[in-house]
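In what follows, a single structure is set out as structure tokens and then discussed.
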């Protein structure tokens, strides 16, 4: 099959763990980049222990998904032999992506300064909690910590319940992963124009700061701190989540007048139109809408709103979303991927291209599956590979 993928000429050495870096390189690999995952058999990634586990494949759903399309080599970077292998690989792989705490790669002798001497065109992306500068650069952190520190969590949830945990890792995905992809591809374009590689420093905290969007940028202008449920998009207005009589939920996002008009007619509350999406009546009109939605079942409201173009959707569970929703099915967002002895279902690459291909070659493999193949291509013979195993370089 002809490879017509957009990123087929990119070669990435991937040292990342957990979710941000692996999701970024997953998307890059789906778009055709040659990604070699550098891991250690002696140090299992925490994410691989989370979620469902396939007994036939002896791998977790996360490992099978996040390492899709990636080859994998096991290296013990505490050994000089493993470091030497990395230095050989960097002659061929001209993008390196790492997610250790600041300073770790330098201690290993694998910093940008060292490796760019071997390959001056090297693009070296470091992703970390708080970046490679500042008084807290070495502080540990996970997604909820970044959201808390950025101010984003302060306006989440309800007045009575306080901040709420998200069901997904916003900082890891929308923050770290996607900004890393943007940074890497921008650096590739710069290299194409100038012939120069460069170092990219991604702080997941930094990436979340602009996600405070409307209220955050307003605070920078007027200095006024808002509370939960005090502005249009966090529960003050009509834009909200509503419970039905059978304890299901629907989302109403009828902000614009034309949508509000349709909503008001459907729920028979005509005064909604004049009041606008954020009524200034102390919550009386919204309470009326809350009671109206709660007076009937989700099935009733689905039938009422199905053909109403007013930004209203039911809250679906995974089964309803992944397998039953006609829009998601038509967009083919769930794909079957070859995992060797069988095929497994995974999320599709969400970007649709008119010309270039998105590739699903194989699901993620066990750590070190391609070690011998990679070393052989580097020129190591069978005896040399055996010696590397004996000294612990391939653990």
Q: Any chance you could count how many residues in region 170-208 are in a strand (DSSP E or B) and either at pLDDT below 95 or touching a helix residue (DSSP H, G or I) at 6+ places or on another chain (Cβ under 6 Å) (or both)?
A: 4
Q. Hey, does region 192-199 have a residue that's buried (at least 21 other Cβ atoms within 10 Å of the Cβ), in the same structural domain as residue 27 (by TED's automatic domain parsing) and touching a strand residue (DSSP E or B) at 6+ places or on another chain (Cβ under 9 Å)?
A. yes
Q. So, of the residues in region 215-226 that are assigned to a helix (DSSP H, G or I) and touching a residue at least 12 places away in the same chain (Cβ under 8 Å), which turns out to be farthest from residue 112 (Cα to Cα)?
A. 215
Q: For region 117-147, name all the residues that are buried (at least 18 other Cβ atoms within 10 Å of the Cβ) and in a helix (DSSP H, G or I).
A: 143, 146, 147
Q) residue 153 versus (1) part of a loop (DSSP other than H, G, I, E, B); (2) without any contact (Cβ under 8 Å) to a residue 12 or more places away in the chain; (3) buried (at least 16 other Cβ atoms within 10 Å of the Cβ): which is the lone unmet condition? A) (1)
**Q.** Among (1) surrounded by 12 or more Cβ atoms within 10 Å (Cβ to Cβ); (2) at pLDDT 95 or above; (3) under 34 Å from the mean Cα position of the chain (by Cα), the one test that residue 294 misses
**A.** (3)
(Q) Condition first: exposed (fewer than 14 other Cβ atoms within 10 Å of the Cβ) and either on the phi > 0 side of the Ramachandran plot or touching a strand residue (DSSP E or B) at 6+ places or on another chain (Cβ under 9 Å) (or both). Now tell me which residues in region 156-185 satisfy that. (A) 162, 164
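So that you can scan it fast, the table gives a plain yes or no per residue for (1) outside the structural domain of residue 265 (by TED's automatic domain parsing); (2) touching a residue at least 60 places away in the same chain (Cβ under 8 Å); (3) closer than 30 Å to residue 88 by Cα:
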| site | (1), (2), (3) |
| --- | --- |
| 299 | no, no, no |
| 310 | no, no, no |
| 326 | yes, no, no |
| 335 | yes, no, no |
| 348 | yes, no, no |
| 353 | yes, yes, no |
| 377 | yes, no, yes |
| 381 | yes, no, yes |
Q) In this structure, does residue 212 turn out to be assigned to a helix (DSSP H, G or I) and farther than 26 Å from residue 9 by Cα? A) yes
**Q.** Hits in region 312-336 - residues which are within 23 Å of residue 351 (Cα to Cα), in a loop (DSSP other than H, G, I, E, B) and touching a strand residue (DSSP E or B) at 6+ places or on another chain (Cβ under 9 Å)
**A.** 333
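Which residue is farthest from the chain's Cα centre (by Cα), if the candidates are limited to region 348-360 and must be in a loop (DSSP other than H, G, I, E, B) and surrounded by 15 or more Cβ atoms within 10 Å (Cβ to Cβ)? Step through it out loud before you land on a result.
Filtering region 348-360 down to residues in a loop (DSSP other than H, G, I, E, B) leaves 348-356, 358-360.
Checking which are surrounded by 15 or more Cβ atoms within 10 Å (Cβ to Cβ) leaves us with 348-349, 356, 358-360.
Working: 348: 13, 349: 12, 356: 22, 358: 18, 359: 19, 360: 18 Å.
Only one residue tops the list, namely 356.
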Q | residue 166 being assigned by TED's automatic domain parsing to the domain that holds residue 103 and either in a helix (DSSP H, G or I) or within 22 Å of residue 235 (Cα to Cα) (or both) | A | yes
Q) Counting only residues that are within 30 Å of residue 308 (Cα to Cα), at pLDDT 95 or above and either surrounded by fewer than 17 Cβ atoms within 10 Å (Cβ to Cβ) or in the same structural domain as residue 171 (by TED's automatic domain parsing) (or both), how many does region 215-247 have? A) 5
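The values are calculated or read from the model by the stated rules, or taken from the named source; none is laboratory data. Given the structure is predicted, the values throughout are model-derived calculations rather than measurements. Positions of Cβ are backbone-derived with ideal geometry, glycine not excepted, and every protein chain shown enters the neighbour counts.
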